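Everything below concerns the one structure shown next.
The values are calculated or read from the model by the stated rules, or taken from the named source; none is laboratory data. Only a predicted model underlies this, so the values are computations on that prediction, with no experimental measurement involved. Ideal geometry is used to build each Cβ from the backbone, glycine not excepted, and the neighbour counts take in all protein chains shown. When the accessible area is computed, the model is the full protein with side chains, heavy atoms only, and any ligands, DNA or RNA have been set aside. Shrake-Rupley method; radii C 1.70, N 1.55, O 1.52, S 1.80 Å.
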Amino acid sequence: MLDLTGKNALVTGIANNRSIAWGIAQQLHKAGANIGVTYLPDDKGKLEKKVAELVEPLSPSLFAPCNVQDDSQVEALFNTVKEQWGKLDILIHCLAFANKDDLSGGFVETSRDGFQLALDISAYSLIKLCAGAKPLMTDGGSVVTLTYLGGVKVIPNYNVMGIAKAALEMNVRYLASDLGPSNIRVNAISAGPIRTLASSAVGGILDMIHHVEKVAPLRRTVTQLEVGNTAAFLCSDLASGITGQVVYVDAGYEIMGMS
Ligand code: NAD
Ligand code: 0WE
């Protein structure tokens, strides 16, 4: 049975009710996990208020700011986890960012700053969060991150994010190797396209979704809650032998050629 009771799960990347991280948080909660949530702080505290209201039904026992670009915020986050929980079992990394300009047009025009920004937020952050989590995962642990097929194959306009996801997927393998002796497993879920805040800001996302609905084996896209179920599985003892893997939750799209 999928059972996460007694496990402390820290979920990053919730922005609104469409966030994949929100689908994951709901399924971890359903499986009995104790939930902690981080949010990206902004000047007016608008996102903080929105996320706090959204997650209230999960009665999170930890709610803390974390901009992954800021080392001091990441360190403060894990100090809070240590004080309030003592130990950590599950870490969900569900965030990415690139400049909008870098997600269309010529890839060759990608700027040095844009490259660094995308790789810092979307790939380096997994290393930094794992470094903070490691000493707190005293009973072992499970880390899950979110990736996309654009890190393996060229997807039009995904551009610099594709390079960031390739780095993220390789981070998963090196982290799995490094943290395995501490019984910490590290895996990625490669989700098919889903309408979220991040994807909706991208031109042509609906056409991509319609394309997947036509050609994926299951003839549909996936939902945030389906991704959440796979995350809950990967975080559970049912997946105790799985680490360093990229699991596709994409209605089968990845296996197809000529699509
Ligand atoms: P989303 O906009 O709901 O989530 C992105 C999150 O990243 C937001 O909560 C945002 O606050 C956070 N974020 C951005 N910069 C940050 C920073 N500096 N520090 C901390 N947090 C920061 O969109 P989503 O689609 O749910 O994206 C979540 C993850 O899923 C991303 O890694 C994305 O690449 C991945 N993914 C999305 C899809 C899709 O089609 N939506 C498909 C595959 C993978
Ligand atoms: O990883 C993602 C989203 C990544 C993303 C999206 C944005 C839009 C708004 C990162 N940064 C930003 N920055 C912004 O300012 N996905 C997998 C969803 C996605 O994004 C695409 C896709 C798909 C699918 C971009 C181009 C082509 C396809």
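Before moving on, here are some points about what is shown:
- Evaluation of ARG185 against (1) within 21 Å of LEU119 (Cβ to Cβ); (2) open to solvent by less than 60 Å² (accessible area, probe 1.4 Å); (3) among the basic types (Lys, Arg) (one fails), failing number: (1)
- Qualifying residue in the stretch 40-49 (condition: open to solvent by 60 Å² or more (accessible area, probe 1.4 Å) and within 14 Å of HIS93 (Cβ to Cβ)): yes
- Test: residue in the stretch 87-106 that is basic (Lys, Arg), open to solvent by 80 Å² or more (accessible area, probe 1.4 Å) and within 16 Å of ligand 2 (Cβ to nearest atom): yes
- Residue that is farthest from ligand 1 (Cβ to nearest atom) [pool: residues in the stretch 191-205 that are of a type outside the set (A, V, I, L, M) and over 23 Å from LEU40 (Cα atoms)]: GLY203
- Complete set of residues in the stretch 107-127 that are open to solvent by 50 Å² or more (accessible area, probe 1.4 Å) and either touching a residue at least 24 places away in the same chain (Cβ under 8 Å) or within 17 Å of the chain's Cα centre (by Cα) (or both): PHE107, PHE115, TYR124, ILE127
- Single condition MET137 does not satisfy, out of (1) surrounded by 15 or more Cβ atoms within 10 Å (Cβ to Cβ); (2) in contact with a helix residue (DSSP H, G or I) (Cβ under 6 Å, 6 or more places away or on another chain): (2)
- Checked against the criterion of being part of a helix (DSSP H, G or I) and near ligand 2 (Cβ under 9 Å from one of its atoms), the candidates ILE209, ILE194 yield just one match: ILE209.
- Output for the stretch 227-243, where each listed residue is under 15 Å from the mean Cα position of the chain (by Cα) and either part of a loop (DSSP other than H, G, I, E, B) or not hydrophobic (A, V, I, L, M, F, W, C) (or both): GLY228, ASN229, THR230
Yes/no per residue for (1) within 9 Å of ligand 1 (Cβ to nearest atom); (2) not charged (D, E, K, R):
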| site | (1), (2) |
| --- | --- |
| LYS7 | no, no |
| ARG18 | yes, no |
| GLN27 | no, yes |
| ALA33 | no, yes |
| LEU40 | yes, yes |
| ASP43 | no, no |
